[in-house]
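See structure below.
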Ligand code: F6R
């Protein structure tokens, strides 16, 4: 694991953007694996700034997101489709047909999982951006998820629903299920960039660095991946050192 320590959120976001831009400059038709949540918002703002200032084009770029809630319409402001549109896609020249998220609105969710996994196989991800849950989840792979799982339906733990409740009118409105890339799907990515910022992530980062590899702590699978960069700020690293 390559560990990059930065003072704070702004520097993390800038450095993350540098990592993504270097992949965009190397690959002819790059495939970016993207995440939602608070952590990558600064990264996306940096990519937008770069697009506006330097004209980096996304016309050849394909994006594949980690996850989406089940039961929220795509157009719901809290859907991950809406999040990506608002925080990234509508500001870039990426082709809408090249941006992919699981469809949590479909009647046959199981079939959607199979379709999504086939999509990942057709478009191998050059770099996958990850956040980390306080319980070590990556994507919505909660503790106990077998490392061999591909895209699947998952029940969100109450701690994850609590953590995401800040975006919804009340905790009852937070969906109980999601479609997520599995751990095996994430591990297919050529490179992985895990971002962590703030004291809230300090215990998870400490546990990640402890060397334990266990399905009880999903992010620990990353020790098995040959090209992982952990980009974390001082607060997130405060318990690890
Ligand atoms: C988001 C995702 C989640 C988040 C994680 C951290 O697509 O898959 O694993 O990365 O819950 O969320 P934040 O960044 O809001 O702390």
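List of remarks:
- Of all residues in the range 18-28, those satisfying the criterion of being at pLDDT 95 or above and either within 19 Å of residue 186 (Cα to Cα) or out of contact with any helix residue (DSSP H, G or I) (no Cβ under 8 Å at 6 or more places or on another chain) (or both) are 18, 19, 20, 22, 23, 24.
- Residues in the range 44-62 that are within 15 Å of the ligand (Cβ to nearest atom) and crowded, with 22+ Cβ neighbours inside 10 Å: 1 in all.
- Residues being within 14 Å of the ligand (Cβ to nearest atom), in a helix (DSSP H, G or I), touching a residue at least 12 places away in the same chain (Cβ under 8 Å) and under 13 Å from the mean Cα position of the chain (by Cα) are entirely absent from the range 152-163.
- Taking the listed residues 100, 91, the one that is under 17 Å from residue 35 (Cα atoms), in contact with a strand residue (DSSP E or B) (Cβ under 7 Å, 6 or more places away or on another chain) and surrounded by fewer than 20 Cβ atoms within 10 Å (Cβ to Cβ) is 100, with no other qualifying.
- Exactly one residue out of 215, 172 is modelled with pLDDT under 95 and more than 22 Å from residue 31 (Cβ to Cβ): that is 172.
- Flag if residue 141 is within 12 Å of the ligand (Cβ to nearest atom) and at pLDDT below 95: no
- Candidate set from the range 91-122 (those that are in a helix (DSSP H, G or I) and in contact (Cβ under 8 Å) with a residue 60 or more places away in the chain); member that is farthest from residue 74 (Cα to Cα): 121
- Boolean, residue 166 is part of a helix (DSSP H, G or I), more than 20 Å from residue 101 (Cβ to Cβ) and at pLDDT below 95: yes
- Any hit, the range 208-216, residues being under 28 Å from residue 19 (Cβ atoms), in contact (Cβ under 8 Å) with a residue 60 or more places away in the chain, surrounded by fewer than 20 Cβ atoms within 10 Å (Cβ to Cβ) and within 15 Å of the ligand (Cβ to nearest atom): no
- The one condition in (1) under 25 Å from residue 228 (Cβ atoms); (2) in a helix (DSSP H, G or I) that residue 39 fails to fulfil: (2)
- Test: residue 198 is touching a helix residue (DSSP H, G or I) at 6+ places or on another chain (Cβ under 6 Å) and farther than 19 Å from residue 65 by Cβ: no
- Scanning the range 221-231 for residues that are more than 14 Å from residue 207 (Cα to Cα) and not in a helix (DSSP H, G or I) yields a total of 6.
- Matching option when the condition is within 28 Å of residue 236 (Cα to Cα) and modelled with pLDDT of 95 or more, among 130, 119, 92: 130
- Scan the range 53-78 for residues that are over 23 Å from residue 167 (Cα atoms) and touching a residue at least 24 places away in the same chain (Cβ under 8 Å) and the total you get is 8.
The values are calculated or read from the model by the stated rules, or taken from the named source; none is laboratory data. For clarity, every value in this text was computed on a predicted model and none was experimentally measured. Cβ sites come from the backbone with ideal geometry, for glycine too, and all protein chains shown count toward neighbours.
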